[in-house]
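The values are calculated or read from the model by the stated rules, or taken from the named source; none is laboratory data. This structure is a prediction, so every number in the text was calculated from the model and none was measured. FYI the Cβ positions are ideal-geometry reconstructions off the backbone, even for glycines, and counts take in every protein chain you see. Calculation scope for accessible area: heavy atoms of the full protein, side chains included, ligands and nucleic acids excluded. Shrake-Rupley method; radii C 1.70, N 1.55, O 1.52, S 1.80 Å.
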Amino acid sequence: MTHPISDYPSVASGASAPSLSFLGLGGMGTAFARAWLAAGCSLTVWNRTAGKADALVAEGAVAVRSPAAAVAANTLVVTCLLDDASVGQTLEGTDLAGKDLVDLTTGTPAEARARGAWAEARGARFLSGGIMAVPPMVGVPEAGGYVLLSGSRGLFETHEATLGVPLVPEFAGVDAGHAALQDIALLSGMYGTLAGVTHALALVRDEKEINLRDFTPRLVNWVMSMASAIEQISDQVASGHYPTGDVAPLSMQSAGVSTFLTTARDQGVSPELLTPYFALMKRRVEQGHGDEGPAGLVELLTPRPTAP
Ligand code: NDP
């Protein structure tokens, strides 16, 4: 999906227009580049496969032949490449002294920290980004996308307006790995939800009397209403205190597991998306926590050393 130029926020025009270099014109990179161009920014682009820059040049970008030329063209340099290895390959040998490098490439927290130290050793300020959006959401503020950025607060403050053109920027701390860590944590929450949704749809889709179009709004509403429990779970995890007397105690939930497994079997559905969670509930109950809610399961995933 592309958007008319008038959809994008405008940051400036003419001589005061922000100027930046952008490396990586894949699906996400092209969406970012297009948003900056549409907002009136002066954009220098580079991509390994040079032809991908052609459409952007027609929209006003300047394409250069090498990463070194892209880095040399502006103080603000943004990368959005496949993975951290491709960032290293692309920027190796470029002169990063005095540059403000923002790497939007998805990677691990450790990769982001190492890339930050690598950039700083070459004289650059550094921010690592976690993009919480898909390409059609870029440049469309009402779509709700945002980008987590961690590392140099000074770099963030200097370029916040420019960085905010494609997606709302949120500073995620001075540890360069913290944008990546929160990105991965948020996506992990998404995958857990999708696992349950996938199982739910598998259970009902072949039932002649159940229409998925009728069932789906029920599923959406149920997942949304259960999401309200996340804050209470998070408060308990933060405190490490798991009150007994929960309204839906683990003992009750664990006793119901056989109902879920038998129903799955009867419907011809593999229970493999749910069984790891059920196994954790059973262990927690066996350890004497049956009167608690589900928050304490986190202790089975990240056991803490017991006090001496
Ligand atoms: P694409 O696969 O569409 O593009 C990958 C880009 O990386 C291309 O520009 C490609 O160049 C370049 N590249 C790959 N390997 C190398 C290399 N060794 N040296 C130089 N350049 C290389 O990915 P996206 O644009 O969709 O994603 C970019 C980043 O954004 C990824 O880290 C992704 O995880 C992240 N992201 C993407 C989202 C999405 O929905 N697409 C959502 C959130 C984050 P070439 O054109 O020459 O192949």
For the chain, size of Cβ-based charge dipole, Lys and Arg +1, Asp and Glu -1, in debye: 500 debye
In Hz, Karplus ³J(HN,Hα) per residue of region 114-124 (6.51, -1.76, 1.60; θ = phi - 60°; x = Gly, Pro): 5, 5, x, 5, 4, 5, 5, 5, 9, x, 9
In degrees, nearest ten, helix 275-284 long axis to first principal axis of the chain (Cα): 60 degrees
Highest-fluctuation residue, 101, 274, 81 considered, GNM on the chain with Cα pairs under 10 Å: 274
Solvent accessible area, Å² - residue 222, 1.4 Å probe, full protein context: 150 Å²
Convex hull per residue volume in Å³, alpha carbons only, for the chain: 182 Å³
In Å², nearest 10: area of residue 162 left accessible to a 1.4 Å probe: 20 Å²
Residue of 84, 100, 214 that the Gaussian network model of the chain assigns the largest fluctuation, springs spanning Cα pairs under 10 Å: 214
Rounded tilt (10° steps) of 257-266 against the dominant C-alpha axis of the chain: 80 degrees
Crossing angle, helix 153-163 versus the chain [Cα axis fit, 0-90 degrees, rounded to tens]: 80 degrees
Region 230-308, accessible surface, carbon-and-sulfur percent (1.4 angstrom probe): 59 percent
Cα-Cα pairs of region 182-308 separated by more than 22 Å (percent): 44 percent
Residues residue 205 and residue 282, FRET efficiency given R0 of 45 Å [Cβ-Cβ distance, rounded to 0.05]: 0.95
Average accessible area per residue (Å²) across region 5-176 - probe 1.4 Å, nucleic acids and ligands excluded: 42 Å²
Top positive-direction residue, dipole computed over the chain with Cβ charges, set 56, 297, 227: 56
Positive-end extreme of charge dipole, the chain - chosen from 101, 146, 278 (charges on Cβ): 101
Length released on extending from residue 16 to residue 157, taking residue separation times 0.36 nm less the Cα-Cα span: 49.0 nm
Surrounding net charge for residue 241, when Lys and Arg each add one and Asp and Glu each subtract one, Cβ distance under 12 Å: -3
14 Å beta-carbon shell around residue 45, net charge (K/R +1, D/E -1): +2
Region 5-176 - convex hull of alpha carbons, volume per residue in Å³: 100 Å³
Amide hydrogen neighbours beyond the local backbone of residue 170, cut-off 5 Å, H modeled: 147, 148, 149
Cleavage-rule hits, trypsin sites (Lys or Arg not before Pro), region 13-82, DSSP coil, Cβ neighbours within 10 Å at most 16: 48, 65
Estimated dipole of region 182-301 in Debye, rounded to 20 [Cβ of Lys and Arg +1, of Asp and Glu -1, Cα centre]: 280 debye
Where trypsin sites (Lys or Arg not before Pro) fall in DSSP loop in region 205-241, at most 16 other Cβ within 10 Å: 205, 208
